[in-house]
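A quick write-up on the structure given underneath.
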Amino acid sequence: MSAVPAQSLPAPRRAPERPRWLRPAPEPGNGRAKPRLAYAIIAVAGVAVIVVAQLLLSIAITQGAYDIDHATMQQTTLDRQEQQLREDLDRVESPQYLAANAEALGMVPNSNPVLLRLSDGTVSGDPSAATGGAAASAPLVPNALIDGVPLVTEQPAGETPKGETAAGAVDEAGAEAPVEAQAPPPAGDGLPTPATH
Amino acid sequence: MNRTSRHPMRRILASAVVLVVLVGVFVVKLVDIQVVRAQALNAKSQDARSQPVKVWGARGDIVDANGTVLADSVMRYDIVISPKQAELAVLERKQAKHPKQKVEVTTEELVAEIAPAAAELGPVVGLTGDQVVGVITSKLAEDPDSDYAFLAKQVDTTAYEAVKALDIAWVYAEKHPSRTYPNGAVGGNLLGFLQADDGTPLAGLELAEDQCLAGTDGEVSYLHSAADWVPIPGSEVVHKQAKDGGTLKLTIDADLQYYVQRVAEEQRRAVGADWATVTVMEVKTGRLLAIADVPTVDPNDPSATDAEDRGSRAFTAPFEPGSTFKALTAASVLDAGKATPVDQIIAPYRYLPPNGANINDSSYHDDERLTLTGVLVDSSNTGMSMFGERISDRQRYDDMLDFGLGEQTEVGFPEEAAGDLHGDPDDWDNQTKYATMFGQGLTTTAVQIASVYQTLANGGVRMPVTLVDGCTTADGETTSPPAQGTRVVSEQAADDTSAMLERVYAEGWLADQWEIPGYRVAAKTGTAQVAGPDGQYLPGYLVSVSGFAPADDPEFVVSVSFQNAVKMNSSAASAPVFQEVMSQVLKKYRTVPSGAPAPDLPAIW
């Protein structure tokens, strides 16, 4: 026994402690403290609190799941609506539809460019009236998507292609056109220039 | 003391052994479950409690240079019915009325019972009520357990909502992503199209750029509540991440493309041509602003167009360019320093060079005293031969290669033709050696010719032909094509050629028809023949005009070709289209008109 501690501790110090080995064991029950009720209550209450908290959390998460599900469904519906509206918009935005409408309103393209140079008032090009082809442009560049979409001239007054009322856009254009024609810009005092910087 | 101490030791030892064995068993079992068989068990449990749900990775859009959507992915719905469930529903209702006996449903009863629902459902998906009933009864006749029958494929959202609102138990919808082309046939030949039912790209850029556009479908599964299928939080397992496709941006301008197609188709019908192509290219960048191929396919409905008209002939149909090619030969001769624009020759109607070839002009004329400029203005084959023979065949051939002929352009369009320079100059026979000087005996595509004129307009620097501006992936990364030009001929040679082509525009026989007031234009006509798939020449001629404007500071190349214009078999068929398109391009891009008139070069002496 003495050989092992001798390597780390001086033997003489260890020697006097030897008698302790033979000390009688303490009486049973003497060293154990009596458990108090408070500790038990704290422990049980702690467990209860944890259980209740977890339950509440779980309820909250489940509620959240239903909220998310509801919101997701709403989003799906709105996405569908958005897609539908965008498709409608793309349809009526297509050049074929614009051209068909322009033709229905009696407009013809003018391929003769005439330019006015503001610096010296030079007109380059030969101003001439547009002589658009009589043929409708619709079959030239087909678009299967606008089949059956009514033109502005075919719709009841004040309705857009979507069927929503749009404050009489057609009537307005028709009413204002002659007014503009009556009032040419005053000439003589040089060319009118826009007040931009 | 020994007795009392040894007994507990043995007990402890025994319990320890039992404990170790027990724990050992648990550990083995645990490892078996958690590690060894983990994957199989997980999969099994997932299968048992949840079903994998497909997450669609949307195919990317194709947009034009300004962001106008040319091809768009949309969700469509297949309306599916379950004939068996329809029958069961009727059966259950009848059973409820007669709870005691065992009931059966006859076909007549079935038809009578489902007719009201079918009458409501039919019109929504474009069928009559009887047709819906017909689908159900015929399916049930084939197989009494039939649980799946298509009622309508790819209906739009409106119809889907309407079907859902009817709330019929035996009808449901399946998602089916689809593609729409909001601008219809605008650029249809370039865009290509997909197979309707499974979305396989079949043609055009949809096919060529599929790597950019294609999305990857993902798969997730989650546990759900029994009653209302609400996903249980935290139970979602992503088996495969869905990935949306990239957005493909083109150099095309949709408005211009529409205009060009419209003009080309109008003229094609007027002159009765088989087909026509119009190419608009930006001189300084080589970007293609519009490529009209008429007849044009509407990708929303490809089957409405003949199969042979669904591609882009500007890329895929090589032809002998004819006289438009003389500009290239002239530039080569000028670049070699073997001639100037005012060098003089005497051009006969028939020229018989020493090597035995026989060169004729298109119509008889007496000997003409022409300069190189005059040769181009008169489009004289004999005159061009006299200038072309001043440089070696090899040198001309090398220049052609430098101009981008004989190989596909950088665009890499599906089935794009490379053109054929009649093999190598060593293989050219005596006639071909001269024919290649004025654009016969070799083939090019319309885009290649536009690229040649781009090079001449851009001071001899050829820019790579660009149709795709870039691909922006869903993560926001953008790839752009390289934009490095290569010098083909000297700036002097290119400018001299340009000046000569201006004289062609001003003095040529179409001067009245293609005049664009206010701008200096350089242009050249061509008439040539096209070989069909069998190598034989097709009937009629391909008449073309290529040119650029404004000639003093070139911005745009326009190249027009009409094949077999039966009512007007000359370049006069192409000239008005050139004039209209070029006018529109100059107007659209607010090009400053030319100040000074074109420099004069003598055509005759």
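The values are calculated or read from the model by the stated rules, or taken from the named source; none is laboratory data. Values in this document were obtained by computation on a predicted structure and should not be read as measured data. Virtual Cβ from ideal backbone geometry, glycine too; neighbours counted across all protein chains shown. Remember, those area values only see protein heavy atoms, side chains included, never the ligands or the DNA or RNA. Shrake-Rupley method; radii C 1.70, N 1.55, O 1.52, S 1.80 Å.
Give me the one-decimal Kirkwood hydrodynamic radius in Å for segment B:21-107, with the sum taken over alpha-carbon pairs.
Across segment B:21-107, the inverse of the average 1/r is 20.3 Å.
What are the semi-axes of the equivalent ellipsoid for segment B:444-502, taken as the square roots of 5 times the Cα gyration tensor eigenvalues, largest first, in whole Å?
31, 12, 8
Translational diffusion coefficient of segment B:249-377 at 10 °C, 1.306 mPa s, Stokes-Einstein with Kirkwood Rh over Cα pairs, in µm²/s as a whole number.
86 µm²/s
Mind checking A:80-91 for the average number of partner chain beta-carbons within 10 Å of each residue's beta-carbon?
Mean shielding count: 4.
For a quick protection proxy, order the peptides B:264-277, B:422-435 by their average other-Cβ count within 10 Å, most packed first.
Going from most to least packed, we get B:264-277, B:422-435.
Of all alpha-carbon pairs in the protein assembly as shown, indicate the percentage at a distance above 36 angstrom.
When all Cα pairs of the protein assembly as shown are counted, 63 percent exceed 36 Å.
In what order, largest first, do B:E410, B:E282, A:E154, B:E389 sit by accessible area if the probe radius is 1.4 Å?
Descending accessible area places them as A:E154, B:E410, B:E389, B:E282.
So what is the diffusion coefficient of segment B:54-247 in µm² per second by Stokes-Einstein at 10 °C and 1.306 mPa s, using a Kirkwood Rh over Cα pairs?
Translational diffusion coefficient: 81 µm²/s.
How big is the equivalent ellipsoid of segment B:403-529 along its three axes, where each semi-axis is √(5λ) from the Cα gyration tensor, reported in whole Å from largest to smallest?
They are 29, 23, 14 Å, listed largest first.
Any chance you could run the full-extension gain for B:Q154 through B:R390? It's 0.36 nm times the residue separation minus the Cα-Cα distance, nm to one decimal.
The span from B:Q154 to B:R390 would gain 78.5 nm if fully extended.
If each of B:S15 and B:D198 carries a label point 7 Å out from its Cα toward its Cβ, how far apart are those two points in nm?
Between B:S15 and B:D198, the simple spin-label model gives 6.9 nm.
Step through the residues of segment B:253-265 one at a time and calculate ³J(HN,Hα) from phi using the Karplus curve (6.51 cos²θ - 1.76 cosθ + 1.60, θ = phi - 60°), rounding each to whole Hz and writing x for Gly and Pro.
Values, residue by residue: 9, 4, 5, 5, 4, 4, 4, 5, 4, 5, 5, 5, 5 Hz.
Kindly compute the accessible surface that chains A and B hide from a 1.4 Å probe when together, both sides summed, and give it to the nearest 100 Å².
Chain pair A/B: roughly 3200 Å² of buried accessible area.
What do the square roots of 5 times the Cα gyration tensor eigenvalues come to for segment B:254-588, in whole Å, largest first, as semi-axes of the equivalent ellipsoid?
Equivalent-ellipsoid dimensions as semi-axes: 30, 22, 20 Å.
Given the peptides B:413-420, B:551-558, arrange them by the average over their residues of other C-beta atoms within 10 Å, most packed first.
Highest mean packing first, the order is B:551-558, B:413-420.
Once the Cα atoms of segment A:35-91 are picked out, what are the Rg and Dmax in Å?
Using the Cα atoms of segment A:35-91, the pair Rg, Dmax is 24.2, 82 Å.
How large a share of the accessible area of segment A:35-91, in percent, is made up of carbon and sulfur atoms when the probe is 1.4 Å and the other protein chains stay in place?
That fraction is 72 percent.
Summarise the accessible area of chain B (1.4 Å probe, protein heavy atoms) by the percent that is carbon and sulfur.
The C+S portion of the solvent-accessible surface of chain B is 52 percent.
Per residue of chain B, what 222 nm ellipticity follows from adding -39500 (n - 2.57) for every DSSP H run with n ≥ 4, rounded to the nearest 500?
-11000 deg cm²/dmol
Of the peptides A:42-55, B:71-84, how do they stack up when ordered by the mean number of other Cβ atoms within 10 Å, highest first?
My ranking of the peptides, most packed first, is B:71-84, A:42-55.
Counting only Cα atoms, I'd like the Rg/Rh figure for segment B:140-214, Kirkwood definition for Rh.
Result for segment B:140-214 is an Rg/Rh of 1.12.
Between B:D427 and B:E308, what's the calculated FRET efficiency when r is the beta-carbon distance and R0 is 25 Å? Round to 0.05.
The pair B:D427/B:E308 has a calculated efficiency of 0.25.
Under 19 Å between alpha carbons: how many lysine pairs meet that in segment B:54-247, if sequence neighbours fewer than 8 apart on the same chain are excluded?
Pairs that pass both the separation and distance tests number 14.
At 7 Å along the Cα-to-beta-carbon direction for both B:A165 and A:Q81, put a label point, then send me their distance in nm to one decimal.
The answer from the label model is 1.4 nm.
How big is chain B along each principal axis, measuring the range of its Cα positions in Å and listing the largest first?
133, 88, 48
Quick one: accessible area per residue over the protein assembly as shown, 1.4 Å probe, rounded to a whole number of Å²?
53 Å²
Estimate the FRET efficiency between B:A226 and B:A483 by the formula 1/(1 + (r/R0)^6), using the beta-carbon distance for r and 60 Å for R0, to the nearest 0.05.
So the FRET efficiency works out to roughly 0.50.
Viscosity 1.306 mPa s, temperature 10 °C: what is the translational diffusion coefficient of segment B:175-330 from Stokes-Einstein with a Kirkwood Rh over Cα pairs, rounded to a whole number of µm²/s?
85 µm²/s
When you look at the Cβ of every residue in A:139-151, what mean number of other chain Cβ atoms sits within 10 Å?
6
Give me the inter-chain shielding for B:254-264: mean count of other chain Cβ atoms within 10 Å, whole number please.
4
Please give every one of the lysines within straight-line cross-link reach of B:K433, meaning a C-alpha to C-alpha distance under 21 Å, and leave out same-chain neighbours fewer than 8 residues apart.
The qualifying lysines are B:K326, B:K338.
What lysines does B:K588 reach when the alpha-carbon gap must be under 19 Å and sequence neighbours fewer than 8 apart in one chain are set aside?
B:K284
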